[in-house]
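Step one of this worksheet: look at the structure below.
Values in this text are rule-based calculations from the coordinates and carry no lab data. Everything numeric here is computed off the predicted structure, so don't read it as measured data. Here the Cβ positions follow ideal geometry from the backbone for every residue, glycine too, while neighbour counts run over all protein chains shown.
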Amino acid sequence: MIVLLRKYPKLIATKTFIAVTVLVYAMVYGSLFMNMKKSDLSAQPIQGNNQATMTYTKDFFAKGYPTLEDVLKKVKVSSGSYKEIYRFENKDSACVIFYAPAPKSVKKDSYQAKNKFYLCPKLESIEMYKKNGKYYYIGKRNLMCAFSKDRSDEKTLRSDLQESLKKKGTFPEFKSVYAWGCSAYPNMEKVSVAGKKCRKVIPLTMNDGSRLYFWLIDDISVKTKPASVAIRGMN
């Protein structure tokens, strides 16, 4: 683009060039959106006890930052209640995990007391990919932990795994991804997915004294089928 500006300043200023540029940009992002939709629709959603939302974007014009810290200076968590609990990096990805505990007290019979979204402890990740020694921000993933208590620990793990694998829709070049989630299962350090054990397990104490466990597993193949992959170590 810089070269074109220098050589063809009049061309750049024309409406035709601007229209073509906008069209190409729209086609690129449309393709990425469709890829992610195909990934989302490739399997039926697995319902666990957690609720996830995510925003992954592959911006070809994204700015690369020399360090992870530089990304964190530009990208902020959703609220001041989140505190950093873990940082992870592998050869082509990085993330920082933040935790917001459930409120310690709510007024009885208030709107908040009946709002499961408000009462849940929450996790939020700031996620990046790495290329040529630089860090590129790709989006966030949010998890409302123990939103429901109706599903099994294994079902919840499979659901979190499915949500983690949705990155492949935006980044088809990834051969493997890290997966993370939250579980009430007390022995997550013994659990393996497709033979991969947890890289990290962090206990999170709830207001009632019970515990949930943040977990992260690295090197999960993007071809993994969350509904049927072998999970070991969960009774």
Sort 206-214, 91-99 for me by packing, meaning the mean count of neighbouring Cβ atoms within 10 Å per residue, highest on top. 91-99, 206-214
Relative contact order of region 44-232, defined on C-alpha pairs under 8 angstrom at six or more residues apart (%): 22 percent
Holding the Cα-Cα limit at 22 Å, pick out from 149/175; 58/175; 131/196 the pairs that are longer than that. 149/175; 131/196
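Just check region 44-232 against the gyration tensor rule for me: Cα atoms, a ≥ b ≥ c as the square roots of the eigenvalues, rounded for a/c under 1.5, and otherwise prolate or oblate depending on whether a/b exceeds b/c. Write out the running numbers ahead of the final one.
Working: a/c = 1.88, a/b = 1.26, b/c = 1.49.
Oblate, because a/c is 1.5 or more while a/b does not exceed b/c.
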Order 84-90, 44-50 from most to least packed using the mean count of other Cβ atoms within 10 Å. 44-50, 84-90
Identify the trypsin sites (Lys or Arg not before Pro) of region 102-151 meeting these criteria: DSSP loop state and at most 12 other C-beta atoms within 10 Å of the C-beta. 104, 107, 108, 149
Per-residue HN-Hα couplings for region 152-164, Karplus 6.51 cos²θ - 1.76 cosθ + 1.60 at θ = phi - 60°, whole Hz, x for Gly and Pro? 6, 4, 5, 4, 5, 4, 5, 5, 4, 5, 4, 5, 5
Here P(r) for region 156-235, Cα-Cα distances in 5 Å bins, as whole percents, is 3, 16, 28, 24, 15, 9, 4, 1, 0
If packing is taken as the average number of other Cβ atoms within 10 Å across a peptide's residues, how do 63-69, 176-182 rank, most packed first? 176-182, 63-69
